[in-house]
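A short write-up of the structure that comes next.
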Amino acid sequence: MIDRPNQRSGFTLVEILIVVVILGILASIVVPQFVSATTEATKTHIQRNLQEIANQVEVYKGNHAGGLPTSHPDEPLQAGSWGILVSADYLREEPRNFYTSSTEVGEGTYEEALALTSDAVVGWLFEVNGRALNFYAAGYDAVNDVLSNETVP
């Protein structure tokens, strides 16, 4: 064997740069998929919450001769309060809108809910329409299944 005392072991600068470039390419592929998965999970959670709220409003109406849920006994539902839906355990807790990270509820229309963005203070809007009580998720377009920061397909 020939002994080479001046030869060093290790990686060259070119080898390290190649590894960094490959990792950058892999990251550019994975990160958008992660963001897409997070968005899909947010929309699925909002859909489930909306369905649960609608179901529990119907249960309440069935238990109270068609009456709408109230903030307090004999008062209509008011902005800022989930009222009897939570206090009487129709809902276990105030539902969180994971797009806005808020459990706050306000009064408004579907169009107003669509206009809200992820930094909105409220997570949910409700609208009383005759004997119907409709809930909307802030920033969520249920018709097109998109959040306000997405484009309609």
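The values are calculated or read from the model by the stated rules, or taken from the named source; none is laboratory data. Note that this is a predicted model, so its numbers are computed, not measured. Positions of Cβ are generated from backbone atoms using ideal geometry, with glycine treated the same way; all protein chains shown enter the neighbour counts.
Each row is one residue, and each column tells you yes or no for (1) acidic (D, E); (2) touching a strand residue (DSSP E or B) at 6+ places or on another chain (Cβ under 6 Å); (3) closer than 18 Å to G130 by Cα; (4) modelled with pLDDT under 95.
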| site | (1), (2), (3), (4) |
| --- | --- |
| P5 | no, no, no, yes |
| R8 | no, no, no, yes |
| F11 | no, no, no, yes |
| V31 | no, no, no, yes |
| E40 | yes, no, no, yes |
| S81 | no, no, no, yes |
| I84 | no, yes, no, yes |
| S87 | no, no, no, yes |
| Y110 | no, yes, yes, no |
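List, please: which pairs have Cβ atoms under 8 Å, are six or more places apart or on different chains, and start with a residue in the stretch 39-58 that is assigned to a helix (DSSP H, G or I) and end with one that is among the polar types (S, T, N, Q) and modelled with pLDDT of 95 or more?
Qualifying pairs under 8 Å: I46/N97; N49/N97.
Condition check: assigned to a loop (DSSP other than H, G, I, E, B) and at pLDDT 95 or above. Does P95 satisfy that?
The answer is yes for P95.
Looking only at the stretch 61-86, count how many residues are buried (at least 17 other Cβ atoms within 10 Å of the Cβ) and more than 25 Å from the chain's Cα centre (by Cα).
Going through the stretch 61-86 one residue at a time, the tally reaches 2.
Filter the stretch 111-122 down to residues that are surrounded by 15 or more Cβ atoms within 10 Å (Cβ to Cβ) and either in contact with a Leu (Cβ under 9 Å, 6 or more places away or on another chain) or more than 19 Å from H45 (Cα to Cα) (or both), then give me how many there are.
Final tally of qualifying residues: 5.
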